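Structure, as structure tokens:
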Amino acid sequence: QTRSTQNALPARACGFESRSRHMSETSPVPVAPAAAPSGPTKRVLVAEDEAIIRLDLAEMLSEAGYEVVGQASDGEQAVALATSLKPDIVIMDVKMPVMDGITMTMRLREKYEFPVIMLSAKSEEVDKVMGLNIGADDYVTKPFTPMELMARVNSQLRRYNKLGGSEDSNKKEVLSCG
């Protein structure tokens, strides 16, 4: 059997096997994902209904130097965690129970500006465009490699921090004159 068919766990949907060693499918040598940006540890919230994928994402992010401050199995739980934990970035699946990723993103955008990366097996252009138009900062289709996801996380945080993003700027304020 080949490496890609040895493990039929749901994590294969993400392009990596459970507790992966960050191997590139096209490279015979290990390829480590890029390290987290320097400075204070960046706080990540992971929302994914499939437990094995959620745990793999959390492990991969932790190994790359991020602090996984929360894990949610549905969108409603993720919104509550985002409100209480104030992450620097949210990585979430689109198809989740209770509240899907589209609704969750719209709810987050009512109050917060931190980056949101959507993960989805839905790869049609219309799905990607809808996710981005409702407020996601990036849309990653499954399967994906750990190296690609980490590059996208780093890119979003680099841009967010460069534009002055922080916990204090995660709250939208309404100013009135007169």
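The values are calculated or read from the model by the stated rules, or taken from the named source; none is laboratory data. None of these values were measured; they are calculated from a predicted model. Quick reminder, even Gly has a Cβ in these numbers, built from the backbone with ideal geometry, and neighbours come from all protein chains shown. We work out accessible area using only protein heavy atoms, side chains counted, and drop any ligands, DNA or RNA first. Shrake-Rupley method; radii C 1.70, N 1.55, O 1.52, S 1.80 Å.
Meeting the requirement of 3 or more residues that are open to solvent by 80 Å² or more (accessible area, probe 1.4 Å) and either modelled with pLDDT under 95 or touching an Asp or Glu at 6+ places or on another chain (Cβ under 9 Å) (or both), the helices (runs of 4 or more DSSP H) wholly within region 97-178 are 125-133, 146-162. When region 42-57 is filtered for residues that are open to solvent by 10 Å² or more (accessible area, probe 1.4 Å) and either touching a Pro at 6+ places or on another chain (Cβ under 8 Å) or over 16 Å from L157 (Cβ atoms) (or both), the ones remaining, listed by number, are R43, D49, E50, A51, I52, R54, L55. Can you confirm whether region 77-91 contains a residue that is of a type in the set (D, E, K, R) and more than 11 Å from L45 (Cβ to Cβ)? No, because not a single residue in region 77-91 is of a type in the set (D, E, K, R) and more than 11 Å from L45 (Cβ to Cβ).
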